[in-house]
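Colleague: Below you will find the structure I want to go over with you.
The values are calculated or read from the model by the stated rules, or taken from the named source; none is laboratory data. These numbers were taken from a predicted model, which means no experiment stands behind them. Note that each Cβ is placed from the backbone with ideal geometry, even for glycine, and that neighbours are counted across all protein chains shown.
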Amino acid sequence: MKTLIKRTIITASTVIISTVLLTNIAYAHDASKHKKANAEKPKCEAMKNVDHSKMDMNDPVMLAMMAQCTKAMQGTDTDKKVMDHSTMNKS
């Protein structure tokens, strides 16, 4: 009888604790608190003249800035010339 009461108490307390922890996790990660509406754009012009061999490649801020600047420097597909295949020789 005592073992049944101990098991019931342990099971009930485990369920209560896990429920409280899981509900707190949902409130802890509110994305609106982390997002900044007026975030600065990276200054990619300054990145062109930087010596990449002297950069710290483990710095997450620098890696993110490099990734954003390479996307911006590559341009979009609309900047590329469209090739007219109708004028090509067919062989």
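Colleague: Can you pull out the residues in region 39-71 that are aliphatic (A, V, I, L, M), surrounded by 10 or more Cβ atoms within 10 Å (Cβ to Cβ) and part of a loop (DSSP other than H, G, I, E, B)?
Modeller: Listed by number, the residues that qualify are Val50, Met55.
Colleague: Ok, one more. Within region 75-88, is even one residue at pLDDT 70 or above, among the aliphatic types (A, V, I, L, M) and surrounded by 10 or more Cβ atoms within 10 Å (Cβ to Cβ)?
Modeller: Among the residues of region 75-88, not one is at pLDDT 70 or above, among the aliphatic types (A, V, I, L, M) and surrounded by 10 or more Cβ atoms within 10 Å (Cβ to Cβ), which makes the answer no.
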